[in-house]
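Trainee: Here it is, the structure, as structure tokens.
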Amino acid sequence: MPYSGLITRYRDYLTHLPNNAIPVTLLEGNTPLIPAPRLSAELGCDVRLKFEGLNPTGSFKDRGMTVAMTAAVAEGATACICASTGNTAASAAAYAARAGLACYVLIPQGKVAAGKLAGAVAYGATVIQVQGSFDDALAMVREISQRRPIALVNSINPHRIEGQKTAAFELVDALGRAPDWLCLPVGNAGNITAYWRGFVEYHLAGKTSALPQLLGVQAEGAAPLVLGHAVEKPETVATAIRIGRPARGKEALQAVAESSGRILAVSDAEILEMQKRLAAEGVWCEPASAAGAAGLFREVKAGRLDVRGKTIVCVITGHGLKDPDAITARFPAPRAIPATMSALERLIAE
Ligand code: F0G
């Protein structure tokens, strides 16, 4: 049967959706699990990359958005709203366009990567820059969605978590069991919460005998869950996870604890170094998406994590095209030569 989106594929597990709901879908999900041979050799384990950047709008957000938007339409919504560091905004904008809903997205001014902002605009959302942080914007959309009949599609919307848990199903379906470790970036903490729910549900359904250990990774300048308190002015090159008050922080910490996992923070330098390593495997991701693998790398190299012979999945949450400036701003512009064969010969002979 041709693939028709994750709602159809995992309908039996999406019990919150009204029976008569008609999927609003862009055929999201079904993303590849790509082996990373160089990282695997370096760390002495089997590292696989769940490349969520290959979803329709370039990030894992589409998984939650197909379910949230389907529910919103079934409930008769005509407009939706979210706060976002960028990816949720682009995803909400695309699915709202598909469903014919008005869409408002609030983003922290000047802190959203170019590809995400362009996406939200291209899909026709009303984009509003807030002179504040993501956390400020989230507080605003929470309140306006109470006051007015506008569907809130942030990951505090339970349908978002329901959709995102399907990534765990796909991993078990691909591997035949859960991986030993699942490494992923943590921002507002919805995704790690969703993965854990997915693994637990599949475990209860008898689809995997084991559960993975979770390695949740924040950026050092935006690490409220590691520090144990909110961060008023979060700062990191990984703008997607530049969040100081994660809405699902408690659940994330509980999931990590239940899995006998870890939550830790890596530096911007470690994130960018891992972005480069992943690109050397042929998988270019945005900076935040490298955080999970960066945390894994650091722990293994420091001798704090024994992964010999283990299967490790790193979730690559967003495509590199989302944030081209993260590359072009750090590297010199490509060399220019005259349009002559001799100039080309000289350069190649260097
Ligand atoms: N990776 C990317 C690329 C993201 O965009 C986000 C979150 C995360 C990781 C973290 O996921 O919030 O569920 O812990 N981006 C949100 C947004 C906040 O607005 O696009 P999380």
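Trainee: Counting helices only, and only those DSSP H runs with n ≥ 4, report the 222 nm mean residue ellipticity of the chain as the sum of -39,500 (n - 2.57) divided by its residues, in deg cm²/dmol to the nearest 500. Please report the intermediate quantities before stating the final value.
Mentor: Numbers: 15 runs with 143 residues, N = 350.
-12000 deg cm²/dmol, from helical runs alone.
Trainee: Bin by bin, in steps of 5 Å, what percent of the Cα pairs in the stretch 1-114 do you find, going until the bin that has the longest distance?
Mentor: 2, 11, 18, 19, 17, 12, 9, 6, 3, 2, 0
Trainee: Hey, which of these cross-link pairs are over 23 Å Cα-Cα: K207/K310; K111/K250; K165/K207; K50/K233; K301/K322; K50/K322?
Mentor: Violating the 23 Å limit, Cα to Cα: K111/K250; K50/K233; K301/K322.
Trainee: Please give the net charge around I327, taking every other residue with its beta carbon less than 13 angstrom from that of I327, where Lys and Arg add +1 and Asp and Glu add -1.
Mentor: Values: positive: K276, K322, R330; negative: E286, D323, D325.
Net charge around I327: 0.
Trainee: Taking just the alpha carbons, could you work out the radius of gyration and Dmax for the chain, both in angstroms?
Mentor: So, for the chain, Rg and Dmax equal 20.2, 69 Å respectively.
Trainee: Next question. Given springs between every Cα pair under 10 Å in a Gaussian network model of the chain, which of A97, A290, A89 has the largest fluctuation?
Mentor: Taking springs between Cα atoms under 10 Å, the residue moving most is A97.
Trainee: Report the residue, chosen from A137, A339, A94, that carries the largest GNM mean-square fluctuation when the chain is represented by alpha-carbon nodes joined by springs under 10 Å.
Mentor: Residue with maximal mean-square fluctuation among A137, A339, A94: A339.
Trainee: Which residue, A71, A269, A99, tops the fluctuation ranking in a GNM of the chain built on C-alpha contacts under 10 Å?
Mentor: The residue with the greatest mean-square fluctuation here is A269.
Trainee: Express in whole angstrom the spacing between the alpha-carbon centres of the stretch 129-180 and the stretch 34-55.
Mentor: Comparing the Cα centres of the stretch 129-180 and the stretch 34-55, I get a distance of 25 Å.
Trainee: From the C-alpha coordinates alone, can you work out the Kirkwood hydrodynamic radius of the stretch 61-157, in Å?
Mentor: Computed over the stretch 61-157, the radius equals 12.8 Å.
Trainee: Measure out, as a whole number of angstrom, how far apart the alpha-carbon centroids of the stretch 109-123 and the stretch 290-334 sit.
Mentor: The stretch 109-123 and the stretch 290-334 have Cα centres separated by 23 Å.
Trainee: Right, something else. Just need the relative contact order of the chain here, percent rounded to a whole number, with Cα pairs under 8 Å and 6+ apart.
Mentor: Details: 747 pairs, mean separation 67.0, N = 350.
Reported relative contact order: 19 percent.
Trainee: Just to confirm a number: summing +1 for Lys and Arg and -1 for Asp and Glu over residues other than P35 whose beta-carbon lies under 11 angstrom from that of P35, what do you get?
Mentor: 0
Trainee: At a 10 Å Cβ-Cβ cut-off, how would you order I192, I348, fewest neighbours first?
Mentor: Working: I192 32, I348 7.
Exposure proxy ranking, most exposed first: I348, I192.
FYI, it's all coordinate maths here, none of it is from the lab. All of these numbers come straight from a predicted model, not from anything done at the bench. Positions of Cβ are backbone-derived with ideal geometry, glycine not excepted, and every protein chain shown enters the neighbour counts.
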